[in-house]
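Peer 1: First, the structure itself, so that you have it in front of you.
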Amino acid sequence: MGRNNRQNDLLSLKLAGPQDLWLHARQIPGSHVIIKLPKNIANIEQLPDKTLEEAAVLAAHFSKASQSGKVEVDYTFRANVRKPPGAKPGMVIYDDYWTIVINPQDENLLDILNHAQ
């Protein structure tokens, strides 16, 4: 998970592989979150729901919408994320995505935060 624009760029554009999942709160400034997918996961349906939900909670919690009750979080394969020419650090565009609605105040947030570190 990136904590600022430069970390978001490094994580999303340099460290993540094209097969990894990228998550970000929809149309709201915030952290980029990457789920490193093992090679044995061939499609999105094989990803455990809990993994996706926990990553989405992190993306929502570390966004400008962290105090909201519900936050839309977009996710896509990293291969669908790109930086427009001349864009500022942390700015990306993406396509072919799905959206999950999540509560950034999830009751398991502390456990998720401890596990993520």
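Peer 1: Open to solvent by less than 50 Å² (accessible area, probe 1.4 Å), closer than 13 Å to Gln27 by Cα and not polar (S, T, N, Q): which single residue out of Ala87, Ala65 fits that description?
Peer 2: Values: Ala87 fails: closer than 13 Å to Gln27 by Cα.
Ala65 is the lone residue from the list that is open to solvent by less than 50 Å² (accessible area, probe 1.4 Å), closer than 13 Å to Gln27 by Cα and not polar (S, T, N, Q).
Peer 1: Restricting to the range 11-27, name every residue that is out of contact with any helix residue (DSSP H, G or I) (no Cβ under 9 Å at 6 or more places or on another chain), within 17 Å of Trp98 (Cβ to Cβ) and surrounded by 13 or more Cβ atoms within 10 Å (Cβ to Cβ). Spell out the reasoning first.
Peer 2: Let us first name the residues in the range 11-27 that are out of contact with any helix residue (DSSP H, G or I) (no Cβ under 9 Å at 6 or more places or on another chain), namely 11, 14-15, 26-27.
After this cut, where a residue has to be within 17 Å of Trp98 (Cβ to Cβ) as well, the list is 26-27.
Result: Arg26, single match.
Peer 1: A follow-up question, please. Test of understanding: among Leu58, Leu109, Leu37, which residue is at pLDDT below 95 and touching a His at 6+ places or on another chain (Cβ under 9 Å)? Can you show your working first?
Peer 2: On the way: Leu58 fails: touching a His at 6+ places or on another chain (Cβ under 9 Å); Leu37 fails: touching a His at 6+ places or on another chain (Cβ under 9 Å).
From the options Leu58, Leu109, Leu37, the qualifying one is Leu109.
Peer 1: Which condition breaks for Asn8 when tested against (1) of a type outside the set (Ser, Thr, Tyr); (2) out of contact with any helix residue (DSSP H, G or I) (no Cβ under 9 Å at 6 or more places or on another chain); (3) assigned to a helix (DSSP H, G or I); (4) at pLDDT below 95?
Peer 2: Evaluating Asn8 over (1) of a type outside the set (Ser, Thr, Tyr); (2) out of contact with any helix residue (DSSP H, G or I) (no Cβ under 9 Å at 6 or more places or on another chain); (3) assigned to a helix (DSSP H, G or I); (4) at pLDDT below 95 leaves (4) as the failure.
Peer 1: Is there any pair with a first residue in the range 72-83 that is closer than 11 Å to Asp20 by Cβ and among the aliphatic types (A, V, I, L, M) and a second that is assigned to a strand (DSSP E or B) and open to solvent by 70 Å² or more (accessible area, probe 1.4 Å) whose Cβ atoms are under 9 Å apart and which are 6 or more apart or on different chains, and what are they?
Peer 2: Close Cβ pairs satisfying both conditions: none exist.
Peer 1: Moving on. Of all residues in the range 39-59 being in contact with a Leu (Cβ under 9 Å, 6 or more places away or on another chain) and in contact (Cβ under 8 Å) with a residue 24 or more places away in the chain, which is nearest to His24 (Cα to Cα)?
Peer 2: It comes out as Ala59.
Peer 1: Which members of the range 45-62 meet the condition of being in contact with a strand residue (DSSP E or B) (Cβ under 8 Å, 6 or more places away or on another chain), closer than 21 Å to Leu10 by Cα and open to solvent by 20 Å² or more (accessible area, probe 1.4 Å)?
Peer 2: Selection gives Phe62 alone.
Peer 1: Tell me which residues, restricted to the range 10-26, are within 14 Å of the chain's Cα centre (by Cα) and without any contact (Cβ under 8 Å) to a residue 40 or more places away in the chain.
Peer 2: Leu10, Leu11, Leu15
The values are calculated or read from the model by the stated rules, or taken from the named source; none is laboratory data. What you are looking at is a predicted structure, and each value in this text was computed from that prediction instead of being measured. Methodologically, a virtual Cβ is constructed for each residue, glycine included, from the backbone with ideal geometry; neighbour enumeration extends over all protein chains shown. Protein only, heavy atoms only, side chains kept; ligands, DNA and RNA dropped before computing areas. Shrake-Rupley method; radii C 1.70, N 1.55, O 1.52, S 1.80 Å.
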